[in-house]
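The values are calculated or read from the model by the stated rules, or taken from the named source; none is laboratory data. Predicted model only: the values in this text are computed from it and were never measured. We place every Cβ from the backbone using ideal geometry, glycine too, and count neighbours over all the protein chains shown.
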Amino acid sequence: MNVKFIAFDSFGVKSTCTQVRLNNFCITIDPGIAIETASFPLSMDKRLSLVYKYKKKIEKSCMDSDVIIITHYHYDHFIPDDKLYENKLLLIKDPKNNINRSQFKRAKEFLSLIKGKTKKIEISDNKEFNFGKIKINFSEPLWHGVNKSTLGYVLLVKIVDENTKLLFSSDLVGIYQEEYADLIIRENPDILIIDGPATYLLGYLVSYYNLAKNIINLCKIIDHVDSEIIILDHHLLRDYRYRDLLFEVYTKAKKLNKNVLTAAEYYKMKPKVLEGYEKSGPTKWKKWEVFTKKEIINVIQNAIENKLIDKKWLNKAKEL
């Protein structure tokens, strides 16, 4: 199995486009792209030029592919350009069920755009597809972020050949639900691609106690999987503070000698968010503190006192 990370946030664009090639059979997962937010420490011109650069790479990956997977209908996960999908087999998230209003509308417009141009379109929720010795499995719809998220649902993707198992989390936005962590642990993939928590929205759309739960779940995954490679990227790499905010995750990985990397680091490159910060200085965040075990426990205790989360999370925090 040859895996290529085509476009990711650590490259400076909103995307998790991944290509998987198995002999002469090629799959592209989530061929979408969008410009990074204003808090990203690069100029508008630079961010736009990166979108142009990686959009071309995504287009080429689609052209080279036999199968294109779309896990949900946010534009950083699919490009609404009919030419990319001509004569391709599309394995897609159900466009009508377990979907929020905005994605329902986008899915309807997208399917109308590509009608009659693809080889075939298959609804993939909770299904398996076999291509010789290659298997592609899809989860049931999982929450895009926190439980009952208004952002709707996504599909987790598993691709297996004779030697390798790859697991692609899509936009779980980190791992908020313990059952999702347990699902990943049960699968125990060789290559794990996880969307990290959206720390750039902390204090706005993301609470510190939910970040704490994320860290606990990610540490649990790192502790229990045997994955040769763990790619932790996407939402997380929009924030130049990410290593300090996920301090305990990277500490756990180092202690256990696990390869937790961004897609950029996999290719021996510095993540663009750090490159921009080092060259241009801070944007939104001038000062911050490392989110250590002590601070995590304090945040969890406060959330329990305010009846926001179950008491079990305190013991889990203490076990970090």
Considering K93, K46, K115, which residue is farther than 30 Å from E278 by Cα and more than 21 Å from the chain's Cα centre (by Cα)?
K115
Pairs returned, first residue in region 2-24 that is closer than 15 Å to Y240 by Cα, second residue that is among the charged types (D, E, K, R) and assigned to a loop (DSSP other than H, G, I, E, B), beta-carbon separation under 9 angstrom, 6 or more apart or interchain, are D9/E36; D9/D76; S10/K270; G12/E36; V13/E36; V13/D76; K14/E36; K14/D76
Which listed residue is within 25 Å of F104 (Cα to Cα) and charged (D, E, K, R), from D161, D190, D171
D171
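Could you look through region 171-221, keep only residues that are among the charged types (D, E, K, R) and closer than 21 Å to A303 by Cβ, and pick out the one that is surrounded by the fewest Cβ atoms within 10 Å (Cβ to Cβ)?
First pass over region 171-221, keeping only residues among the charged types (D, E, K, R): 171, 178-179, 182, 186-187, 190, 195, 213, 220.
Checking the rest, the ones that are also closer than 21 Å to A303 by Cβ come to 178-179, 213, 220.
Values: E178: 16, E179: 11, K213: 28, K220: 20.
Taking the candidates together, the pick is E179.
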Subset of region 164-219, residues in contact with a helix residue (DSSP H, G or I) (Cβ under 7 Å, 6 or more places away or on another chain), in a helix (DSSP H, G or I) and either over 24 Å from E295 (Cα atoms) or free of Cβ contacts under 8 Å to residues at least 12 places away in the same chain (or both), comes to I184, I185
Quick check, is N257 buried (at least 23 other Cβ atoms within 10 Å of the Cβ), among the polar types (S, T, N, Q), within 24 Å of F5 (Cα to Cα) and at pLDDT 95 or above?
no
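Which count do you get for residues in region 209-230 that are among the acidic types (D, E) and at pLDDT 95 or above? Write out each step before concluding.
Just the residues of region 209-230 that are among the acidic types (D, E), to begin with: 223, 226, 228.
From what's left, at pLDDT 95 or above: 223, 226.
The qualifying residues number 2.
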For region 226-254, give me the residue count where each residue is polar (S, T, N, Q) and either under 18 Å from L202 (Cα atoms) or outside any helix (DSSP H, G or I) (or both).
1
Reported set for region 145-170 where residues are surrounded by 21 or more Cβ atoms within 10 Å (Cβ to Cβ), modelled with pLDDT under 95 and within 22 Å of C219 (Cα to Cα) is G145
In region 128-141, is there at least one residue being buried (at least 21 other Cβ atoms within 10 Å of the Cβ), out of contact with any Phe, Trp or Tyr (no Cβ under 6 Å at 6 or more places or on another chain) and modelled with pLDDT of 95 or more?
yes
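Can you tell me which residue in region 265-320 is nearest to I230 (Cα to Cα), limited to those that are outside any helix (DSSP H, G or I) and of a type in the set (F, W, Y)?
From region 265-320, those outside any helix (DSSP H, G or I) are 267-271, 281-292, 306-311, 319-320; that's our starting set.
Those still in the list that are of a type in the set (F, W, Y) too: 267, 285, 288, 291.
Working: Y267: 13, W285: 27, W288: 26, F291: 21 Å.
It comes out as Y267.
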Among the residues of region 107-123, is there at least one that is in a strand (DSSP E or B) and within 30 Å of N188 (Cβ to Cβ)?
yes
Those strands (runs of 3 or more DSSP E) completely within region 1-96 that have 2 or more residues that are in contact with a His (Cβ under 6 Å, 6 or more places away or on another chain) are none
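Does region 118-140 contain at least one residue that is closer than 30 Å to Y209 by Cα and among the β-branched types (V, I, T)? Reasoning before the result, please.
Filtering region 118-140 down to residues closer than 30 Å to Y209 by Cα leaves 138-140.
Add one more test, that the residue is among the β-branched types (V, I, T), and what stays is none.
No, because not a single residue in region 118-140 is closer than 30 Å to Y209 by Cα and among the β-branched types (V, I, T).
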Within region 251-272, does at least one residue satisfy the condition of being farther than 27 Å from N188 by Cβ, among the charged types (D, E, K, R) and touching a strand residue (DSSP E or B) at 6+ places or on another chain (Cβ under 9 Å)?
no
Restricted to region 104-125 and to residues being touching a Lys or Arg at 6+ places or on another chain (Cβ under 8 Å) and not hydrophobic (A, V, I, L, M, F, W, C), the residue surrounded by the most Cβ atoms within 10 Å (Cβ to Cβ) is S124
